Structure formats: C-alpha cells, structure tokens
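Participant: Quick one: structure below, then a few questions.
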Amino acid sequence: MSKVNELLHHWLLKSVSEKAFAWLEQKQAQIASGAAERVFFTAFSAVPRYLGKQDLQLTFQDLEAAEDVIPGWYPGHWSVDQAGRTLLLLALPHDDEGYVRVSFGEAAPTLDKFFSTADMGELVVLYQSLPLLPHPELHRHRGAEGIRSNMSNVFQAIALRNPYPADYLDNAAWNQMVLKAVFVGSPLHLIWGLDRRANPELARMLADYAHERWAAKRSVTPELWRPVGRFADSAIITDLEKVLANGDIHEQEAAALACAESSLPQAQELLSRYPDLQSSIQKGNLTWSSFSREWG
C-alpha cells in the first residue's frame, strides 16, 4: 500500500464508522482486482451515502505527514467522502505507463471516461486527486481543462491548495490560472508554488489587468502584486508608485513588498521614500506570509 493510501486509510478510520469503512475496503478490493467499470462507477457515486460528508478530523501532524509525502498536498479542507472517493481512484489498476485498466483488462486512456461523466462533487475529487495518481504528468490536459471550468468549486479544486498546477502545467496554462484566480476573487496565497512559478509574462498580464480595473474605476486585490515584483520594469514601477501614493494600507504593503523583490534601482529608491514599510520588510516583520494572514 502506498504512503498516500496509508494516510487516507488512517484518517478515515478516525472519521467514519467501522461498517462504513468495511464497505469502502470491500469496494477497493473489488476495483483493485479488475472488477467491471460499473462496479467503480456505482461505488464512486455511493461513497457519500455510506461514509457521509463530514470533514476529516485531521491534526497538525496529519497535515505535516501529507506534506512530507507530496509537497503541497493539503487535505485540511477535505471531507470523508472526498477521501473515500480518492481511495477508490487509487485502487484502479494502472499499468506501467499510468493507464487505467478496467473492463477485465481492456485499457482505457487515463481517466477520460470518469471526467466526462462526473458531476460537480465528483469533479472536485478528481481534480484534488491529480497529484496523488500514478504518473500524474499524463493528466496535464485535464489540469488545464479544470482551470477553464465555470464551476467555482471545480476551479478552486485545481487552483487552490493543490500542487498539481505548479508541478505540471506549462506557463501558458499556469498564467491563465493565476489571472483567472485574480478575476474571480480567489485568494492567491492559497495557490501552491505561486512564487516559484512567477514569470515575466504573468507579471505583464497582471499589470495589464490592473490598468483595466483602474480605467473602470475599480480596485484590484493587493495580492496581484505578489508575482510581479521580481519582473517589474519601469512601467510597473510607475504602477507601484501610484499604489504606494494612493492605496490603502494593504495595497501599500503589497506594493512595498513588490518593490523589495525588484533588483531595479528605481524600485529600491521608491521603497526608500516609505521608511516605515522599508524597515518592516528589512526586519522581517512584513513578508508575503504575514501580509496574507493579515489581509486574507
């Protein structure tokens, strides 16, 4: 049994009845033995009825264990039915290339059939589970598809608290996801790998979006500047100057943090005009992490 399976089993044992857990184990065994497709579909659909939908009862140590197994995996918001459905997904027999084998050994490419028939709750589980599956790199097209979803729960399942996008999506899909998160109001600090995957094209896209909002007399989330600072050019420095001069305290803090991350002399000169913010950053009192806790 893989470490992911072990953790999910351990968490469910603490959170559901013995009868419900026995039912789940029986279905896992049937699916792992190559049972027909309908066994998987029926069991996958029935999980909430047998296990319920209450939250997993996870400790800080449980969350640390998840992070140790797969960096970025954060099941702190998972429910028992989501964990149970993930175990059924992991029970599907896979060959060495990551293809799911169902219907008495007939190969079905990846998980396409399951994605095409799933309802919203099932899609959330499928997208949350992507980084846990064997050969996750084979499912990049599904990850990219998830960020285009108009269902907010589905978009958040792939975009937030999920290491899959940062680890496997190309820059075009990644940038689209971050920009959409800004557009729909999702908290950017919940995007795993946001700082690592920041890039010049994303910085330009976010600055352009800020200009569109300002032209419409609308505000932008201060978090927009987090992926921008390292790639700021003179035009973006001008934008940050405007935010520092006219923004509220949270906007000013975000702009100051962006300036601090820039290597341009004009960015450092701009930050020096705001000695209190500069001092807070230099002392480590103002960081993106502390900013997210205060503002988010």
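Participant: When the distances between all Cα atoms of the chain are binned every 5 Å from zero, what whole-number percent does each bin get?
Facilitator: The calculated distribution, bin by bin, is 1, 5, 11, 14, 15, 13, 11, 8, 7, 6, 4, 3, 1, 0, 0.
Participant: What distance in nm separates the simple spin-label points at Asn153 and Ser17, each placed 7 Å from Cα in the Cβ direction?
Facilitator: With each label placed 7 Å out from Cα toward Cβ, I get 2.4 nm.
Participant: Show me 175-181, 255-261 ranked by packing, highest mean number of other Cβ atoms within 10 Å first.
Facilitator: In descending order of packing, they fall as 255-261, 175-181.
Participant: Calculate how steeply helix 234-246 sits against the longest principal axis of the alpha-carbon atoms of the chain, using the helix alpha-carbon long axis, and give the answer as 0 to 90 degrees to the nearest 10.
Facilitator: Relative to the chain, helix 234-246 is tipped by roughly 80 degrees.
Participant: Still on this structure: Kindly express, to the nearest 10 degrees and within the range 0 to 90, the angle between helix 3-15's C-alpha long axis and the longest C-alpha principal axis of the chain.
Facilitator: Compared with the principal axis, the helix lies near 80 degrees.
Participant: Can you flag which of Lys180/Lys217; Lys217/Lys283; Lys3/Lys113; Lys14/Lys180 are past 25 Å Cα-Cα?
Facilitator: Lys217/Lys283; Lys3/Lys113; Lys14/Lys180
Participant: Can you give the alpha-carbon Rg of the stretch 200-295 over 2.2 N^0.38 Å, where N counts its residues?
Facilitator: Here the answer is 0.98, to two decimals.
Participant: Along Cα→Cβ, 7 Å out, is where each label goes; now give me the distance between the ones at Asp195 and Asn285 in nm to one decimal.
Facilitator: Result: 2.0 nm between the two label points.
Participant: In addition: Using the count of nearby Cβ atoms within 10 Å as a rough guide to exposure, how do Glu6, Glu223 rank from fewest to most?
Facilitator: Glu6, Glu223
Participant: If amide hydrogens are placed 1.01 Å from N in the peptide plane, which non-local residues have theirs closer than 5 Å to the one on Ser79?
Facilitator: For Ser79, the qualifying residues are Leu56.
Participant: Taking the Cα centre of the chain as origin and charging only Cβ (+1 Lys, Arg; -1 Asp, Glu), how large is the dipole, in debye to the nearest 20?
Facilitator: The calculation lands at about 560 debye.
Participant: Can you find, among Val182, Val243, Val39, the residue sitting farthest towards the positive end of the charge dipole of the chain, where Lys and Arg contribute +1 and Asp and Glu -1 at Cβ?
Facilitator: Val39
Participant: Let me ask something additional. For a quick check of your reading of the filter: which trypsin sites (Lys or Arg not before Pro) in the stretch 195-260 sit in a DSSP loop and have no more than 16 other Cβ atoms within 10 Å?
Facilitator: Arg196, Lys217, Arg218
Participant: Same structure, new question: List Asp239, Asp170, Asp112 from most exposed to least, where exposure is judged by having the fewest other Cβ atoms within 10 Å.
Facilitator: Sorted ascending by nearby Cβ count, the order is Asp170, Asp112, Asp239.
Where a number appears in this text, it was derived from the coordinates with a stated rule and is not lab data. In this text, all values refer to a predicted model and were calculated from it rather than measured experimentally. A quick note on method: Cβ atoms are made from the backbone with ideal geometry, for glycine too, and the neighbour counts reach across all protein chains shown.
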